[in-house]
Amino acid sequence: MIDVFLFKTLSAGILVGLECGMIGVFIFLLNIPFVGVAMAHAAMAGGIWGIIFNIPTKLSAFCLSLISSFLIGPMTDKLKINPNITISIIFSAVMGFAFLGIGILKGNNEMVLNFLWGNILLIDFFDIILLLGTLILEIAIIVIFYKSYLAIMFNREIAISLGINDKILYYLIFFLIGIIISINLDIIGGLMLFSLIITPPAIAYHITFELKKFFILSGIFGAIGTAGGIILSFLLNLPVSASVVLFMTLLFIITTVFSPKRKKYGQS
Amino acid sequence: MSCTVEIENLYIKLSDKVILEDINLKAEHGDFITILGPNGSGKTTILKTLMGFYKPYKGIIKICGEICTEKNILNCRNKLAYLPQNFEVDKFFPILTKDIIEFSLKEKYYKNEKALKIINEFNIQNLLDKPFGLLSGGEKQKTILAMILLREPVILLLDEPNLNLDFLAYKNFLKIVEKIYNQKKLTIFLITHLLSHISDLSKKVIVLKSGKIVFSGDKKEIFNKKDYLEFIYD
């Protein structure tokens, strides 16, 4: 019984690690680390208002997170500001919505905490199918538009001059980030999500100079970190989210110290 | 392919500020035009408007006889190659030099004869497997130039290529540009704010000041002016 339970949790953890690790490459190279936090809070606000209006919380969380992801790209382009500013504005707005909802709910905080910490141990078959589906979608987008995304992340002006439709692809990435975050949020929670989208690409950055390998390594480190954290938590009877985040941080420290890139090419 | 560039009565406004005002210029096919002017005079804006990065507030741009609008901007861009001012990346950025070359190709560089030829001409064979972020300023510029030329443009836009290069590296870069100009007879627009950086092959000069063209003509004319430095930079 325990084996089946562990197998289910590990399978989900590996899928989560793979997809968060790979989407993290975009977040890392586009330098928008707080997009994860903003969208996680958008989903949380959506969930809270779902309870108030008696709508399935998964659906309302998903919708608000997607709306936020749709807004970031066009707002950044129209206002001609740094995407991190747009992300911060959206973050503040959804936080306002979330706290307004918490005020109206008066005391029903269990679901709010669930959005922060998630519960990977309670994952069901439907969640695993959803995770698998989003992973396939993500890989398909990366493979189809690989060269275009490489050009956009390298230099947006050069990408445009090459005839790449940068706007659609830029918005598509925010949309994909929105989908992945809202699907993963109540499985792993916002805090672990933040670690899973930032730390794996930060680890892979120390290892490779090739974007293809960067995507693969980031996904693999996401999966190793999640699986390692889950196994540790089972062995030592520790909280899963905390174990995963700490295990991932340990991997980051090890790769930083032994980074082949830094060793060969220096620190600065 | 013979191709002219015509800018008629062009105005560009950015955030309600007029950046370019009543710009009129015509480049015949094979012209090598240097755009001079102090910082903030609107030199880069002209090139970026030709690329379609900015939408004219007023006026038209014709490339090879075709008026460029939002609808046919890709058509216009296909005739242009743009070397931006800045393409610096973090030195650990995960991109190899060959990846940059392959931006302009559908296949791998070694399967493309044109790519192999230009790699050879530019003498960048030994850079292909190196991380782009670790190349010198001159090597980076050569790589980007090789990549954009692979698209076989008829017009080449060079936006202050001297900015990240020392004088010697810039002179080497200019030699490559002059060789391409002689071989392919492209129309070239080169931006600089230094008179010493004008190519010998560039006969036409345009001087911009506060978004307006204040001089357009033969290079000799401007150097014959008594206080030409003051005229350009005051």
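Values quoted throughout were computed directly from the atomic coordinates according to the rules given, and no laboratory measurement underlies them. Being a predicted model, the structure only gives us computed values, none of them experimental. Every residue, glycine as well, gets a Cβ built from its backbone with ideal geometry; the counts of neighbours run over all protein chains shown.
Taking each residue in B:74-81, count the Cβ atoms of any other chain within 10 Å of its Cβ, then average. What number comes out?
Values: counts 3, 1, 0, 4, 2, 0, 1, 2.
Rounded to a whole number, the mean comes out at 2.
Between B:99, B:31, B:166, the residue with the greatest mean-square fluctuation in the GNM of chain B (Cα pairs under 10 Å linked by springs) is B:166. Ranking of A:138, B:152 by neighbouring Cβ atoms within 10 Å, starting from the fewest: B:152, A:138. Pairwise Cα distances in segment A:14-171 exceed 19 Å in 61 percent of cases.
Note on chain A: Kirkwood radius taken over Cα pairs, Stokes-Einstein applied at 4 °C and 1.567 mPa s, translational D equal to 68 µm² s⁻¹.
If the limit is 30 Å between Cα atoms, which of B:48/B:114; A:147/B:204; B:142/B:203; A:167/B:209; B:62/B:108; B:71/B:179 go over it? Intermediate results must be reported in sequence, preceding the final value.
Working: B:48/B:114 27 Å; A:147/B:204 38 Å; B:142/B:203 24 Å; A:167/B:209 33 Å; B:62/B:108 34 Å; B:71/B:179 35 Å.
Cα-Cα > 30 Å for A:147/B:204; A:167/B:209; B:62/B:108; B:71/B:179; rest within.
Taking only C-alpha pairs under 8 Å that are 6+ residues apart, what is the relative contact order of segment B:20-137 in percent?
Values: 69 pairs, mean separation 23.3, N = 118.
Relative contact order of segment B:20-137: 20 percent.
Partner chain Cβ atoms within 10 Å, averaged over the residues of A:254-261 - can you pull that number for me? Whole-number average of other-chain Cβ neighbours for A:254-261 is 1.
Taking 4.7 Å between beta carbons as the limit, the unpaired Cys residues of the protein assembly as shown are A:20, A:63.
Compute the FRET efficiency between residue B:29 and residue A:265 as 1/(1 + (r/R0)^6), taking r as their Cβ-Cβ distance and R0 = 45 Å, and round to the nearest 0.05.
Working: r = 45 Å, r/R0 = 1.00.
Efficiency at R0 = 45 Å is approximately 0.50.
Starting from the exponent 0.38 and prefactor 2.2 Å, build the expected Rg for segment B:93-152 from its residue count and divide its actual Cα Rg by it.
On the way: Rg = 10.2 Å, N = 60, 2.2 N^0.38 = 10.4 Å.
Ratio of Cα Rg to 2.2 N^0.38 Å: 0.98.
Overall, the ratio between the Cα radius of gyration of chain B and 2.2 N^0.38 Å, rounded to two decimals, is 1.02. The separation of segment B:114-162 from segment A:39-60, counted between C-alpha centres, amounts to 51 Å.
Cα-based radius of gyration for the protein assembly as shown, normalised by 2.2 N^0.38 Å, reads 1.14. Please grab the % of Cα pairs in segment A:164-268 that end up more than 18 Å from each other. I get 56 percent for the Cα pairs in segment A:164-268 exceeding 18 Å. Ordered by the count of other Cβ atoms within 10 Å of each Cβ, fewest first, A:94, A:35, A:143, A:16 give A:143, A:94, A:35, A:16.
May I ask for the percentage of alpha-carbon pairs in segment B:1-96 that lie more than 15 Å from each other? Above the 15 Å cut-off, segment B:1-96 has 65 percent of its Cα pairs. Counting Lys and Arg as +1 and Asp and Glu as -1 over every other residue whose Cβ lies under 12 Å from the Cβ of residue B:118, the net charge comes to +3.
What does the highest-first list of B:32-44, A:54-66, B:56-68 look like by mean Cβ count within 10 Å? All intermediate terms of the calculation are to be shown ahead of the outcome.
Numbers: B:32-44: 20.9, A:54-66: 19.3, B:56-68: 16.3.
Highest-to-lowest ranking by the protection proxy: B:32-44, A:54-66, B:56-68.
When A:145, A:174 are arranged by Cβ crowding within 10 Å, least crowded first, meaning fewest neighbours, the order is A:145, A:174. For residue A:261, the lysines whose Cα falls under 21 Å of its own Cα, not counting residues fewer than eight places away in the same chain, are A:212, A:213, B:91, B:98, B:130, B:140.
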